[in-house]
Structures are given as structure tokens and as C-alpha cells.
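This report refers to the structure that appears directly beneath it.
Taken together, the values in this text are just the output of simple stated rules run on the coordinates, not laboratory data. Since we're looking at a predicted model, the values are computed, not measured. Here the Cβ positions follow ideal geometry from the backbone for every residue, glycine too, while neighbour counts run over all protein chains shown.
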Amino acid sequence: MSLLRLDALNKAFGNLVVTKNVDLAVNEGELHALIGPNGAGKTSLVHQIAGQLQPSSGRVLLRERDITNERPEVRCQLGIGRTFQKNNLFRALSVRENVRIALQAKRGGWFECLRSTASDRALLAEVDEVLAQVRLTERLDRPVASLSYGEQRQLEIALALASKPAVLLLDEPTSGMSPAETDGMMDLVRSLPRNLGILMIEHDMNVVFSLAHTITVLYYGEVLASGAPAAIRDNPQVRSVYLGLGR
Amino acid sequence: MTAPDATGAASTAASAATAAGARIRRAVAWLVLIAVLALLPLSGSYATGLAAEVLIFAIFAMSLDLLIGYTGLLSFGHAAFFGVAAYAVVILGLNFGWSGWVGLLVGIVVSAAVAAVIGFFAIRVSGIPFLMLTMAFAQLLFSLSIKWRTVTGGTDGLSGFQRPTLFGISLDNRAVQFYVVAVGFLFVLLFLRRLIASPLGSIFIGIRENEQRMRAAGYPVQRFKLVAFTLAGALAGVGGGLYALQNAYVSSDILHWSLSGDAIIMVILGGTGTIVGPAIGAAVFLLLKNVVSSHTEYWLLWVGIIFILCVMFLPQGIWGWVRQRWAGTRA
């Protein structure tokens, strides 16, 4: 049973088709890379999986449960975590508070709604744990706006991990990063829990080919090819429309 | 208290010392506040009455800041919840002879209920449409208070309400009135402090900061907006109920949109997103109104000028500015 499965997913804005009959599966422990030229519909696909965008037709299945009509918050509670292509954080709050808010969503009920968060040691320990996981262990009390761009990318992942997802959707985790930062991010992705299913949009082919177990190539909203990295690298069609174009 | 910590101390010791220092400062601030409130009735009947009014509108403004400053909802209809509770107290007292204390509790509940209903519709939109919708609902209640003369007394209002007694002393006594209002103020202040430091408070702040991320993090944002709206309505009801107890009179003025506007000015003057700021804003606003209006009938002009200057030069409000200065001298 696949952890995440897309079944004949379609999405069109008027005449503009951004997702065309996409079938895709992510298994437990699999790192599935989603590649394709700009405008291929990669982010739109992630939006449809996480619920920011409603598909025109087709189904999104989490452990074979149909979640196509669920709201984003429900999908998160069911186990879909995501990062955003552009950093999408609580900018005025500190690094710790960012993670704490994300963690809190999974705990507690009404009875503790007036309890002081500062005194909740178990929660704070969990916050530190998540931050260690993404290798953000310094400057935790600084507002997010003062972090470097790369650190903000790491925090993006921390927020997604904090909701304890089964499936993690990474939208270009290395975008805009320096080569050194990119290497750090690759290490970070490698160190993520083994049982996660990861769907990662990525433009850096070096990153894709060294991390991915499976690669799906999207072209004008359609799946052009899908398979093991070696097969994708040798696929003549993929080479001509995407890999051959440089980058 | 503003002296910088001795440099060179071990950082852990220093941070422990600042934590302890912060706790002491907080305790001193509370003691000073309580002492000032306790002694205020000695300042004479006029000043005591004015101080009670300031505290009532401080409650009102603080409750509005829960929406504007903490949840990021610019509500322009907050007078509705203040007014509904005030009407509840007076109407229940006049028509059914209910004690003002019971009326106060019922008023708070009614305000919360009205806020829940209005909020249910208003949170479906955001930004300017939200502002317009909240104002429209409040004006609806205003019209109702004018037209439904048999119950509300229309523009003449309702007078003749008998104030309740406290330990055998009637609230007709200015000092007792003031103490009751002061207790209400301290209650709301303490409640908001706890709320903002709690997980629920963090959720409100998260919604203000980034609604989309809150959804992606698993929060039903709409539900929590409604919680914030209802809570703010209930707290405004505390202010409105106390207003009725103090004045023993209510008229449609307190449902008018201009009162909602005054509250927004108080919040912005004092500092959005702070707990104490709106209370300071309420004090500045009402003191200006009382002092300036005894010299000129154009007091609103002066409020307007000060408001404009404040927005231009103190965008974080008076309290926001003080806090920034405070942090600056200690860094």
C-alpha cells in the first residue's frame, strides 16, 4: 500500500491546464523527486496534495483514504506536512515560537487553553528536539526575520516536521541557497526519519540524483517519465525536454 | 531599575538574574497599580468618576486589541458588544427588577452570544469586507435600539436603574463604584495576560502572522477566529456591564459606530498587539476629551492631531514606544 497516491489528478484554470491526468505514488521511506521545467505544474501539484488548491478531478489518497475534499488543516492532522517554495514563516516571532506553534497543533485540548506555554517543559523540550533535527540550534530566541535565508529554509522544514507528518512535501528546499548551504540541506534531508515518505520538488540535478530513490518528470502538467534515477537519466525524451536544456 | 547589569558576569547567572529581575519588576508594577487604584478615590468625586470611565473604556479597548492587535482582525463594530451588555443590565433591572450583579453576568453572556452570531458571518471574509460587515452588524443593533422604543427607550435612553449594593453599601457611592470597576479592570488585565501567554494566545498570534501557514500546520483557522471574536465580545461585555452599573443609564449612543471608532483610536494610540497599550490609549483619549473639551468644543480636532502625530512618529503606539525605549536602555 502506498503512503500517498494520486489517482488521475487534473487541474485547470480555465483553458490553462496545470495538472493533466497525473498518477503518482510515494511509499514509506521513499524519497520521490519531482522535476520539470519552470511552469510544469510542480508546485500546483503539491498545493493539491496539501489542500491549498482543489483539483478539478481525480483523487488524492493518503494510505488509500480519500482526502481530496479535506481542508489543508485536516490533511495536516492526517499526516501531510509541507514546506513552501518561498519561506512562509511567522516572521515577527522567534525561532522557538515558530516551532512551538506548529508543535502545539498536535497536542492539548481546551482544558489547557489558559496554561502558560513558557512553563510547559515537555513542549519546550520537543521544540528543541525538532530544531536539532534541522540543525538550527543557535539564535533560537531571535525573530525569524533576522535569520539568514538558508536558516529560514531550515526552519521551513522544522515547521513541517513539527506536525509529525507521514508524508513530507518539500517544495524546492535548496532554492536560492549557496553551494555550501545546499550541501548542508542535502545532509539534512538525508538525516530525516527513515519512515517518512518524501515528495521533493528540486531544480538542482546534483541534489536530485544523489538523494532520490524515484524521480517523476513533469512536463506541461503531465507525467513525462517516472522511475529510478538511472532510467530517468537515460530517458531520451527527458534528456531532450529537460536535462538537455542545461541547468 | 534601569541600571544595566554588571558586565563580565557569567551569562547563565546574568540571564537568571534578569529573569529574577523581570519577576521582581512585574511584582512591583502590580503592587504600584493596585496601590494607585486603591488610593484613587481619595482624589475627589470628579476625578474618581473620570478614572472609573477610563478603566471601563480601557477594558473595552483591551478587548478590541485581542482582535486587532493579536488576531489581526480589524473589527469596526465592537461597540455592539459593549452596548448589548449595558442594555442587558439596565433592561433586566428596570423590567424584571434583576440585581445589577446578575445583570452584569447575563450581559456578558449575551455579549458573547451576539459576538458568536456576528462573528459566525463576519469571519467568512477578511480585510475591508470584514471591517464593513462588523460595522454593518453593529449599526443594525444601533438602529434596533433607536426603533424599538418600548424596550430600549430609543434616543432618550433608559434611566431610573437602581444600582446594586456591595456588602450593604450601595454602588451609588462613587468610591464603591470605582472599586467595582477597578476589580473588573484587573480581572480583564490578568485574564488577557494569561490568555496571550497560553497556547490559545499563540494560536491567535499565529493567525495574525500567517494564516496560510497556520492552516498548513493543522489549525482550523476559522474556528479559532470565531473563538477570538466571541472572547473579545464577552470582554467588551464586561466593560459595557460596568458602564451600566456606573452610569445607571443607557442610551443608543453606546451602540453608535463612532464608539467603535473611538476604541480603534484608543488601541492605536496606546499600541496594538500589547495588553497595556490600549488601556493607556483609553486614558489619553478620555483625558484629552475631558481636559480639552472644557476649553474648546473642538476637542476632537486635538484628538485628531495627536492621533495623526502618533501614527506618524510612534507607529507602535505610546506603550510600544515606551517598551522599545525600555529595551534600548537595558541592552
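What is the distance, in nm, between label points placed 7 Å from the Cα along the Cα-to-Cβ direction at residue A:138 and at residue B:144?
Roughly 6.0 nm, to one decimal.
Compute the long axis of helix A:95-104 from its Cα atoms, compare it with the longest principal axis of the Cα atoms of chain A, and write down the angle in degrees, 0 to 90, nearest 10.
Approximately 80 degrees, to the nearest 10.
In vacuo Debye scattering of the protein assembly as shown, one point per C-alpha: log10 I(q)/I(0) at q = 0.06, 0.11, 0.12 Å⁻¹?
So the normalised log intensities work out to -0.40, -1.04, -1.14.
Pop out the Kirkwood hydrodynamic radius of chain A from its pairwise C-alpha distances, inverse of mean 1/r, in Å to one decimal.
Numbers: mean 1/r = 0.0534 Å⁻¹.
Evaluated on chain A, it is 18.7 Å.
Which FRET efficiency value, to the nearest 0.05, do you get for residue B:211 and residue A:213 by plugging their Cβ-Cβ distance into 1/(1 + (r/R0)^6) with R0 = 45 Å?
Once rounded, the FRET efficiency stands at 0.85.
Take the residue pairs A:20/A:42; A:11/A:164; A:86/A:164 and return only those whose Cα atoms are more than 18 Å apart.
A:11/A:164; A:86/A:164
Please compute the modelled spin-label separation between residue B:26 and residue B:291, points set 7 Å along Cα→Cβ, answer in nm with one decimal.
3.2 nm
Are there DSSP H segments in chain B that both extend 18 Å or more along their axis (alpha-carbon positions) and score a mean Kyte-Doolittle hydropathy of at least 0.5? List them, or say none. Display every interim value, and only then the final one.
Working: long enough: B:11-39 (41 Å, 1.34); B:45-65 (30 Å, 1.43); B:79-96 (24 Å, 2.03); B:100-122 (31 Å, 2.31); B:128-147 (28 Å, 1.62); B:174-196 (33 Å, 1.77); B:221-247 (39 Å, 0.86); B:257-270 (20 Å, 1.59); B:277-293 (23 Å, 1.54); B:299-313 (21 Å, 2.74); B:317-330 (20 Å, -0.79).
In chain B, the long hydrophobic H runs are B:11-39, B:45-65, B:79-96, B:100-122, B:128-147, B:174-196, B:221-247, B:257-270, B:277-293, B:299-313.
Would you mind getting me the FRET efficiency between residue B:169 and residue B:109? Use the beta-carbon distance for r and R0 = 25 Å, nearest 0.05.
Between residue B:169 and residue B:109 the formula returns 0.40.
Along its principal axes, what span do the Cα atoms of chain B show, with the longest given first and each in whole Å?
If we take the Cα atoms of chain B, the spans are 73, 52, 41 Å.
Please report how far the C-alpha centroid of segment A:1-32 lies from that of segment B:255-331, rounded to the nearest whole angstrom.
53 Å
Compute the helix-to-body angle for A:149-162: its Cα long axis versus the longest principal axis of chain A, expressed 0 to 90° and rounded to tens.
It works out to around 80 degrees.
Just to confirm my numbers, what's the Cα centroid distance between segment B:205-232 and segment B:118-146 in Å?
Cα centroid to Cα centroid, the span is 19 Å.
For A:151, A:222, what ranking results if the residue with the fewest other Cβ atoms within 10 Å of its Cβ goes first?
A:222, A:151
Using a simple spin-label model with points 7 Å from Cα along the Cα→Cβ vector, what separation in nm is obtained for residue B:45 and residue B:183?
2.4 nm
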